[in-house]
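Readers should treat all values here as calculations from the given coordinates under stated rules, not as data from a laboratory. Quantities reported herein were computed from a predicted structural model and do not represent experimental measurements. Positions of Cβ are generated from backbone atoms using ideal geometry, with glycine treated the same way; all protein chains shown enter the neighbour counts.
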């Protein structure tokens, strides 16, 4: 069956996903149209195609233990000079993303692997393009913001054409979306 290249990520929903993808292409990033806008949980990873059912079962278990959480993007950041990347920052939901990616890559699971760089949740908007274009991406999206309730993640496969395609979505185990801004309804307690 051979090997396949997979990735696990949280999709940035519409209209935000398409807008960021178009901006990324506009900065000159030729890969933009082949990469759905996302927050990575597992970077591109080669696996034996026969392992896909085990991978899907593992991801199903991770999703069942997960709960919806608010995601908020705001402003830009960069990994330069270590890596030629400009990104939109995850300012809310990052801890949940970190927990999820640790569960996805847990040492006893089928996707155990070391990362090239420490995990940092983000949405790439420019990668490997001219420095001037990277600077423009960093400046033009400095005021960018978006938020949505994250209710799951998805498994993607990279085709021979370099395009990433969704194989399966994994909704979290609870359908209850937490209130935005982290203010829980505490109810009333009366003392008599």
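Express in nm, to one decimal, how much length is gained between residue 67 and residue 166 on full extension, taking 0.36 nm for each residue of separation and deducting their alpha carbon distance. Spell out each step's value before the answer.
Working: separation 99, 0.36 × 99 = 35.64 nm, distance 2.11 nm.
Between residue 67 and residue 166, full extension yields an extra 33.5 nm.
Exposure proxy check: 79, 153, 27 ranked by fewest other beta carbons within 10 Å? Spell out each step's value before the answer.
Working: 79 15, 153 27, 27 23.
Lowest to highest Cβ neighbour count: 79, 27, 153.
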Q. Mean shadow of the chain, computed from the convex hull of its alpha carbons, in nm²?
A. 13.3 nm²
Q | the range 6-50-the range 142-167 distance, computed between alpha-carbon centres (Å) | A | 5 Å
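Using a 10 Å cut-off around each Cβ, can you sort 148, 99 from fewest to most neighbouring Cβ atoms?
With the sparsest Cβ surroundings first, the list reads 99, 148.
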Q | Estimated inter-spin distance, residue 114 and residue 130, nm [label 7 Å along Cα→Cβ] | A | 3.7 nm
Q | Of 15, 84, 149, the one that fluctuates the most in a GNM where the chain has Cα springs shorter than 10 Å | A | 15
Q) Along its principal axes, what span do the Cα atoms of the range 1-67 show, with the longest given first and each in whole Å? A) 38, 33, 14
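Taking 45 Å as R0, compute the FRET efficiency from the Cβ-Cβ separation of residue 19 and residue 50 and round it to 0.05. All intermediate terms of the calculation are to be shown ahead of the outcome.
Working: r = 38 Å, r/R0 = 0.85.
For R0 = 45 Å, the calculated efficiency reads 0.70.
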Q | Highest-fluctuation residue, 73, 52, 82 considered, GNM on the chain with Cα pairs under 10 Å | A | 82
Q.
Nearest 500 deg cm²/dmol is fine: what mean residue ellipticity at 222 nm does the chain get from its DSSP H runs of n ≥ 4 alone, each adding -39,500 (n - 2.57), divided by its residue count?
A. -7500 deg cm²/dmol
